[in-house]
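Novice: Once you've had a glance at the structure underneath, I'll fire off some questions.
The values are calculated or read from the model by the stated rules, or taken from the named source; none is laboratory data. Bear in mind the structure is a predicted one, so any value in this text is a computation, not a measurement. So basically every Cβ, Gly included, is an ideal-geometry build from the backbone, and we count neighbours across all protein chains shown. Keep in mind that these areas ignore ligands, DNA and RNA; they rest on the heavy atoms of the full protein, side chains included. Shrake-Rupley method; radii C 1.70, N 1.55, O 1.52, S 1.80 Å.
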Amino acid sequence: MAWARAGLFPVAIPSDCAVYLSHGPSPLDFMPHTPEGKPLPGGFRLGVSPGMVKHEGTRDFLWLAQTIEDDQINPARHIKGDDAPDSGE
């Protein structure tokens with residue numbers, strides 16, 4: 001699996017998405033690359049076509065920690081925003 005080759009493991013998963021830690025706010029900061037800087041074969045691809053992934057949201061680490069520790073809820077269900085569960089998402 002590409003996530004194992006890249007050393008990327010999700011910190012939260014509901015049913016149809018996964019939350020990963022990143023060094024920056026853009027999904028491009030997270031995308032796995034080879035040592036030469038090219039996209040990792042079999043890795044994540046951004047887009048809307050089958051087999052591609054889409055960016056659902058970005059939050060800082062303190063939000064993640066608070067969501068897990070204080071609120072004791074799955075952060076993957078709220079990564080889009082606090083109103084996403086109420087809007088049927």
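Novice: Does TRP3 satisfy being surrounded by 11 or more Cβ atoms within 10 Å (Cβ to Cβ), assigned to a helix (DSSP H, G or I), among the hydrophobic types (A, V, I, L, M, F, W, C) and modelled with pLDDT under 80?
Specialist: Here the answer is yes, as TRP3 does meet what is asked.
Novice: List pairs: first residue in the range 66-82 and under 18 Å from HIS55 (Cβ atoms), second residue of a type in the set (Ser, Thr, Tyr) and at pLDDT 85 or above anywhere in the structure, Cβ distance under 7 angstrom, at least six positions apart or on different chains.
Specialist: PRO75/THR67; HIS78/THR67
Novice: Inside the range 58-74, can you point out the residues that are at negative phi and assigned to a loop (DSSP other than H, G, I, E, B)?
Specialist: Of everything in the range 58-74, those that are at negative phi and assigned to a loop (DSSP other than H, G, I, E, B) turn out to be THR58, ARG59, ASP60, ASP70, ASP71, ILE73, ASN74.
Novice: Every residue in the range 67-77 that is over 14 Å from ALA18 (Cβ atoms) and surrounded by 14 or more Cβ atoms within 10 Å (Cβ to Cβ), please.
Specialist: Scanning the range 67-77 gives THR67, ILE68.
Novice: Would you mention how many residues in the range 34-57 are in contact with a Pro (Cβ under 6 Å, 6 or more places away or on another chain), within 14 Å of GLY7 (Cβ to Cβ) and of a type outside the set (A, V, I, L, M, F, W, C)?
Specialist: 1
Novice: Could you check THR58 against (1) in contact with a Phe, Trp or Tyr (Cβ under 7 Å, 6 or more places away or on another chain); (2) open to solvent by 40 Å² or more (accessible area, probe 1.4 Å) and say which number it fails?
Specialist: The failed condition is (1).
Novice: Among (1) in contact with a helix residue (DSSP H, G or I) (Cβ under 7 Å, 6 or more places away or on another chain); (2) closer than 20 Å to ILE73 by Cα; (3) not acidic (Asp, Glu), which single condition is PRO10 missing?
Specialist: All conditions pass for PRO10, except number (1).
Novice: Could you check how many residues of the range 7-50 are open to solvent by 40 Å² or more (accessible area, probe 1.4 Å) and not in a loop (DSSP other than H, G, I, E, B)?
Specialist: 5
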